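These notes are about the structure you will find just below.
The values are calculated or read from the model by the stated rules, or taken from the named source; none is laboratory data. Predicted, not measured: the structure shown is a model, and the values here were computed from it. As a convention, Cβ positions derive from the backbone with ideal geometry for all residues, glycine included, and neighbour counts pool all protein chains shown. All accessible areas refer to the heavy atoms of the entire protein, side chains included, with ligands and DNA or RNA removed. Shrake-Rupley method; radii C 1.70, N 1.55, O 1.52, S 1.80 Å.
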Amino acid sequence: MLLLGLLLLMATGAFTLLLISENRTGTPDYTVTLFDQDIATMSSLQVFLAGIALALVFAFSVWMTTVGGVHARHRMADLREARAQAKHASAEAREANAQLNRTQAERDAISSRLAETDRAAKEAAREARVEARQARAAEKAERKAEASRARTARKTAEGDTTTTEGKPSRTADMKERFRHLIRH
């Protein structure tokens, strides 16, 4: 609109200047000449009305130029504001991305610590199970030994000289031989 207004303004001004400069006769009927060519023959009223029409076209072109300039300034202001907003949004996006990266790093660190803690807990649980098995095995062996001692003590009290396998013990065998020798 600005460009069209400027073109119309220049064309109207040039046409008016050319008509004035080339038509200076003072007769009641004017012959309008442009570039050494007779365009029309006009009366004073027609010349006046043509001047008003040219003035209106000139004013319209000035208005178009002004409005076009205002629109151009508003577009430039909007463009500057949009650029500033885009720059601000870009800075916010970079900050959000940096925060996301920091959060991701923290999450990874926590995840690795959790994995280490989990591994340590599993290892401790495994060791506790092994220790519990060993303790149960020791208790079982202790109970067996206690039961064996109790059986041996009971058998000794009853006078049984056989071992737990059902065979006479060496000392029992020697005692038996000694008794046999004494009797004979």
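Which percent of the accessible area of the chain is formed by carbon and sulfur heavy atoms (probe 1.4 angstrom)? Present the calculation step by step, with values, prior to reporting the outcome.
Details: 9350 of 15090 Å².
Summing carbon and sulfur atoms, their accessible area is 62 percent of the total for the chain.
For THR33, the amide hydrogen comes within under 5 Å of the amide hydrogens of ILE39, counting only partners 5 or more places away or on other chains and with H modelled in the peptide plane. Computed over protein heavy atoms with a 1.4 Å probe, the accessible surface of the chain works out to 82 Å² per residue.
If contacts are Cα pairs under 8 angstrom and at least 6 residues apart, what is the relative contact order of the chain in percent? RCO, the chain: 18 percent. Note that region 6-12 has calculated 3J(HN,Hα) couplings of 5, 4, 5, 4, 5, 5, 5 Hz, one per residue in order, obtained from phi through the Karplus relation 6.51 cos²θ - 1.76 cosθ + 1.60 (θ = phi - 60°); glycine and proline are x. The slack in the chain from ALA98 to LEU4, taken as 0.36 nm per residue of separation less the alpha-carbon distance, amounts to 28.9 nm. Angle, helix 44-158 long axis vs. longest principal axis of the chain, Cα atoms, 0 to 90°, nearest 10? Taking Cα atoms only, the helix is inclined about 0 degrees. Note on ALA150 and MET76: the model spin-label points, each 7 Å out from Cα along the C-beta direction, lie 10.9 nm apart.
Peptides 40-49, 138-147, ordered by how many other C-beta atoms sit within 10 Å of their residues on average, highest first, read 40-49, 138-147.
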